[in-house]
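The values are calculated or read from the model by the stated rules, or taken from the named source; none is laboratory data. Computed from a predicted structure; not experimentally measured. With ideal geometry, Cβ positions are generated from the backbone for all residues, glycine too; neighbour counts draw on all protein chains shown.
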Amino acid sequence: RYALEGRAETSGRECYVIAFEPIDPTHSLYRGRVYIDTRLFTRVKMEAVQTGLKDPMRSNEVVYEYGPIPTGRGDAWLPLRMRGQMTFELLGYNLAVERTATYSDYRANVEGFEERRAEAYGSGRPLMRETDSGLFRLDTRGGAETLRSLSTPRNALLVFGISAGETGHLSLP
């Protein structure tokens, strides 16, 4: 569901504020706000909170800031910064993980794109693909392309032991 909340200034630009939320909040989707420039009709900022989380995740919030990137056909508004926080419950305690990313060195429609894409596919570095269903990690191992949702939890292994110490009393290290 989408709703026009009004107008606000962000990043020095007058923007429409559009609220969005999933129709069924039990699905792992996002609710939040997107700020659309009133003159250019492009995204300037997006704030989102993930819904329908599964244990051990307690919350997942993210803010994207967009800006103009020059291309041969005019500016394209792409993400410049991302900041967010994920909270997990671990052994009865909340663990907050903050993350930030700065995106730079965009190159659009330049010579040698096919060669650079082939190099990226063979590099072993993380690749992402935007689809109608959201952002996915692209795995190119074995010559095949496989998409993996970024919202799918991965298995984690926690290993700990018991220490007898010098006194012979048992304790957790």
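Within the stretch 86-103, does at least one residue satisfy the condition of being hydroxyl-bearing (Ser, Thr, Tyr) and modelled with pLDDT under 85?
no
Would you confirm whether or not the stretch 80-93 contains a residue that is surrounded by 13 or more Cβ atoms within 10 Å (Cβ to Cβ), of a type in the set (A, V, I, L, M) and within 19 Å of residue 133 (Cα to Cα)?
no
For residues that are under 21 Å from the mean Cα position of the chain (by Cα) and of a type in the set (A, V, I, L, M), scanning just the stretch 24-50, find the one that is surrounded by the fewest Cβ atoms within 10 Å (Cβ to Cβ).
So, considering only residues that are under 21 Å from the mean Cα position of the chain (by Cα) and of a type in the set (A, V, I, L, M), the one surrounded by the fewest Cβ atoms within 10 Å (Cβ to Cβ) is 49.
From the list 148, 107, exactly one residue is part of a strand (DSSP E or B), at negative phi and modelled with pLDDT of 70 or more. Which is it?
148
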